[in-house]
Structures are given as C-alpha cells and as structure tokens.
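Asks: Quick one: structure below, then a few questions.
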Amino acid sequence: MKTQSSLARLWSYLKAYRFSVFFAVFLKVLSVVMSVLEPFVLGLAITELTKNLLDMANGLAGAHINTGYIGTVLIIYLFRGLLYELGSYYSNYFMTNAVQSMTQDLRNEMTEKLNRIPVSFFDKHQFGDLLGRFTSDVETVSNALQQSFLQIVNAVLTIVLVMGMVLYLNFQLAIVVILSIPVTYFGARSILKRSQPYFKEQAAILGRMNGYVQENLTGFNVLKLYGREETSHKEFSKITDNLQRVGFKASFISGLMMPALHAVSDLTYLIVAVLGGLQVIAGRLTVGNMQAFVQYVWQVSQPIQNITQLAGQMQSAKSSLDRIFDILDETEEVKGEELEILEPLTGQVTFQHVDFQYVENKPLIRDFNLEVQPGEMVAIVGPTGAG
C-alpha cells in the first residue's frame with residue numbers, strides 16, 4: 001500500500017547521492033546570482049561612460065574617460081561571467097552524476113523485483129507495456145530530475161532576485177514588471193491546462209501502439225499463416241490515425257504558448273522603454289540603469305514560461321513513477337525457504353477436480369481429472385501461443 005507520494009518516495013533513492021545534489025543546487029544558485037548581476041554590473045560601466053562622454057561634449061574642464069573605473073567594472077563583469085559558466089557546468093555535472101546513478105539503482109531494483117513476482121502479473125500486462133516502464137518511463141523520470149529540477153531552481157531564484165533588483169533600481173518601473181508576472185503565469189498555465197490532457201492521451205496511445213507492434217512482430221509467422229496481414233494493417237492504421245489526431249491537438253495548443261507569452265513580454269518591454277526613456281530625459285534614471293531594466297524584463301519572462309512548462313514535465317514524471325512503483329509494490333511470490341517441502345513420491349498420481357488460473361476469473365484448467373501410472377510421462381499442451 002502506498003503511504004507516500006511518488007515524488008516524495010523518489011527521494012529515498014536520490015538521497016544516497018545527496019552530496020552531489022547539494023553541490024548541484026549550490027552551484028546552480030551561484031550561476032543564477034551571477035546571471036542576475038550581469039545587467040547591473042554592465043549598467044555601471046555604461047552609466048560612467050555616458051557621463052564621461054557628456055562631460056566631454058559639454059567642454060567641462062578635466063573631463064575624460066574614466067578608464068580606471070570602467071576597466072575595473074569590466075574586469076568584475078568578466079570574472080562574474082567566469083563564475084557563471086563554472087557554476088552552470090558543474091551544477092549539471094553533479095546533478096547528472098546523481099541522477100544517472102539513481103536511475104541505475106532503480107532499474108536494478110525493478111529487474112530484481114520481476115524475478116520475485118508471480119506469473120499472473122505478466123498475464124495482466126503486455127510485454128510492450130512492461131518494456132516501456134523499464135525504458136521510456138525510467139528515462140522520463142531521469143530527464144525530469146536531471147533537467148527540470150535544476151531549471152525550477154533556476155527559474156524561481158531568478159524571479160526572486162530580478163524582482164529585488166528592479167525594485168532597487170526604480171520602484172515605478174518595477175510595478176510594471178511585477179504586474180506582468182501574473183499575466184504571464186496564468187496565461188501559460190491556461191494553455192498548459194488545455195494541452196496536458198492531449199499529451200497524456202498521446203502517451204497512452206503510443207504505449208498501445210508499441211505493444212501492438214511488439215505482439216505483431218513476435219507472432220509474425222502466425223499472422224502470415226492465418227492471412228491476417230490486411231486486418232493487422234487496418235487495426236494499426238486506426239491506432240496511428242488516432243495518434244496523429246491527438247498529437248496534432250497537443251502540439252497546436254501548446255504551440256500557442258510562446259507567441260502569447262512573447263506578446264506579454266513585448267508589451268511589458270514597450271511600456272518600460274517608454275516610461276524609462278521619459279525618466280532618463282527627466283534625469284531621474286541613468287542610461288545604465290535603463291539598459292539594465294530592459295534586460296531584466298527579458299530575464300523575468302523566460303523563467304515564468306519555464307515554470308509552467310516544467311510543471312507539465314513533472315506531472316509526466318509522476319505518471320511514469322506511478323507505473324514504476326506499480327511494479328516495485330507488486331506482491332511477491334512465497335520465498336523458496338517458506339515453501340512446503342514434499343517427501344519423494346512413488347506410485348500412482350491422481351488429479352481430481354483440479355482448477356487452475358494465474359489471473360483471477362480467467363481459469364486455464366477447469367475440473368481436471370487424470371490418473372498417471374508409475375513410469376508414465378504426461379504433458380498438458382495448450383493451443384498455439386499458449387506457451
């Protein structure tokens with residue numbers, strides 16, 4: 001019985017590599033901080049350079065390019081870029097190492113589990129479905145952790161830090177940026193909510209198609225023997241037609257997200273550019289801070305889009321986890337040491353009114369009666385394909 005959510009339960013596998021996860025998150029935080037500082041640091045150099053050029057244009061005595069200050073700022077800017085690149089690279093390195101090791105542990109445990117579960121489990125599941133759990137489902141979970149986890153950290157922290165920076169630079173323009181956040185978020189969420197059911201249906205149809213292909217390839221000789229090529233083709237065409245229909249809807253609706261969110265970002269950019277330009281003319285905002293503000297508009301829009309998309313990926317990962325844990329939670333057969341050991345038998349063997357089934361309500365043998373005399377060898381043979 002499941003007492004934990006699938007995502008929370010996954011941590012029990014990942015915590016064996018918690019130090020790698022810790023370093024991955026720490027370095028990702030470092031890279032985000034360096035990324036958010038980029039417009040601000042560059043703005044300092046632009047502001048100083050603009051001031052120097054205006055002083056020189058106005059003929060002020062002693063006016064010159066403050067190369068010492070600007071050079072120092074640019075060195076800081078380059079050092080910040082180096083820290084950003086190192087943080088991004090090694091955060092991915094540590095996270096990849098942790099996730100791939102965890103994925104190996106998960107697959108090994110699933111394989112060991114299959115050796116301990118009853119045959120009835122395999123009668124209830126198609127081979128293609130089980131294969132998908134070992135391959136695509138595990139890979140979905142791996143990708144969600146390896147990519148989405150760090151991207152969520154990146155997105156949330158970027159939004160928080162950018163909000164702090166824009167409030168520090170200019171409160172009035174910050175209000176415009178802050179108001180754009182819920183519009184962007186709920187717009188993306190609405191589109192995602194409409195497309196998500198189609199993506200789930202697409203995954204289900206794809207699973208059925210894989211199972212159908214596997215069964216037809218495995219039983220190809222039987223299919224040819226009974227002349228079912230045309231029937232098989234028609235059945236497969238129905239599956240692919242359905243997959244095309246659902247896939248088109250999923251892709252079309254989700255494809256509306258980027259144009260819609262770009263429209264919100266462009267509108268925010270336009271308002272900030274106009275209001276900011278007026279403040280620069282009035283002397284209430286420096287040119288450097290203005291360019292920093294414009295860059296922050298772009299920096300804050302992308303993480304919001306990412307969060308909504310990543311939420312959908314995490315939902316897919318949760319569905320895959322549920323399918324994986326269905327295998328791991330399956331009731332096991334009685335262990336060998338717990339089985340009753342029978343004494344060697346000699347003489348006649350009699351079966352009287354024997355019923356047998358692997359799957360409940362799907363009997364394989366009904367009211368079976370047989371007497372086997374000493375020395376006789378008897379085999380029970382089922383129809384073609386029964387195993």
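No value in this document is a laboratory result; all are computed from the given coordinates. This one's a predicted model, so the numbers in the text were calculated from it and none came from an experiment. Heads up, the Cβs are rebuilt from the backbone with ideal geometry, glycines too, and the neighbour counts pull from every protein chain shown.
Asks: With r as the distance between the Cβ atoms of LYS200 and ALA8 and R0 = 22 Å, compute the FRET efficiency 1/(1 + (r/R0)^6) and round to 0.05.
Replies: Efficiency computed from Cβ-Cβ geometry: 0.50.
Asks: What are the ³J(HN,Hα) values, in whole Hz, obtained from phi via the Karplus relation 6.51 cos²θ - 1.76 cosθ + 1.60 with θ = phi - 60°, for each residue of region 250-265 in sequence order, with x given for Gly and Pro?
Replies: Ordered by residue, 3J(HN,Hα) equals 4, 6, 5, 5, 5, x, 6, 5, 4, x, 5, 6, 5, 5, 5, 5 Hz.
Asks: If the limit is 26 Å between Cα atoms, which of LYS28/LYS318; LYS200/LYS234; LYS15/LYS113; LYS113/LYS362 go over it?
Replies: On the way: LYS28/LYS318 24 Å; LYS200/LYS234 24 Å; LYS15/LYS113 21 Å; LYS113/LYS362 24 Å.
None, as every Cα separation is 26 Å or less.
Asks: Could you work out the mean projected area of the convex hull around the alpha carbons of region 26-116, in square nanometres to one decimal?
Replies: Values: hull surface 28.3 nm².
Spelled out: convex hull of the Cα atoms, projected over all directions, averaged, 7.1 nm².
Asks: Before anything else, pin down the relative contact order of region 6-328: Cα pairs under 8 Å, at least 6 apart, normalised by residue count, whole percent. Walk me through the numbers on the way to the answer.
Replies: Details: 307 pairs, mean separation 103.2, N = 323.
Rounded, it is 32 percent for region 6-328.
Asks: Tell me, in nm to one decimal, what length is gained between GLU139 and ARG245 on full extension, where the rule is 0.36 nm per residue of separation less the Cα-Cα distance?
Replies: Values: separation 106, 0.36 × 106 = 38.16 nm, distance 2.53 nm.
Roughly 35.6 nm would be gained on extension.
Asks: Using per-residue counts of other Cβ atoms within 10 Å, averaged over each peptide, order 185-195, 64-74, 360-370 from highest down.
Replies: Packing proxy ranking, top to bottom: 185-195, 64-74, 360-370.
Asks: Between TYR69 and PHE22, what is the spin-label point distance in nm, taking each point 7 Å from the Cα along the Cα→C-beta axis?
Replies: 4.3
Asks: To continue, here is another question. Can you tell me the length gained on complete extension of the stretch LEU167 to LEU328, counting 0.36 nm per residue apart and subtracting the Cα distance? Display every interim value, and only then the final one.
Replies: On the way: separation 161, 0.36 × 161 = 57.96 nm, distance 5.00 nm.
Fully extending the segment from LEU167 to LEU328 adds 53.0 nm.
Asks: Here is a further query. Could you check the spin-label model distance between LYS15 and GLU235? Points 7 Å from the Cα along Cα→Cβ, value in nm.
Replies: For LYS15 paired with GLU235, the spin-label model returns 4.7 nm.
Asks: I've got another one for you. Assuming R0 = 25 Å, what is the FRET efficiency of LEU278 and MET258, from their Cβ-Cβ distance, to the nearest 0.05? Spell out each step's value before the answer.
Replies: Details: r = 30 Å, r/R0 = 1.22.
According to the calculation, E is roughly 0.25.
Asks: Return the long-range amide H neighbours of PHE368 (sequence gap of 5 or more, or a different chain), with a cut-off of under 5 Å between placed amide H atoms.
Replies: Those lying under 5 Å, H to H, from PHE368 are HIS353, VAL354, ASP355.
Asks: What are the ³J(HN,Hα) values, in whole Hz, obtained from phi via the Karplus relation 6.51 cos²θ - 1.76 cosθ + 1.60 with θ = phi - 60°, for each residue of region 95-103 in sequence order, with x given for Gly and Pro?
Replies: 5, 4, 4, 5, 5, 5, 5, 5, 4
Asks: Considering the values [x] 37, 23, 22; [y] 33, 26, 20; [z] 65, 25, 16, which represents semi-axes √(5λ) of the Cα gyration tensor in Å as calculated for the structure under consideration?
Replies: Among [x] 37, 23, 22; [y] 33, 26, 20; [z] 65, 25, 16, the one calculated here is [z].
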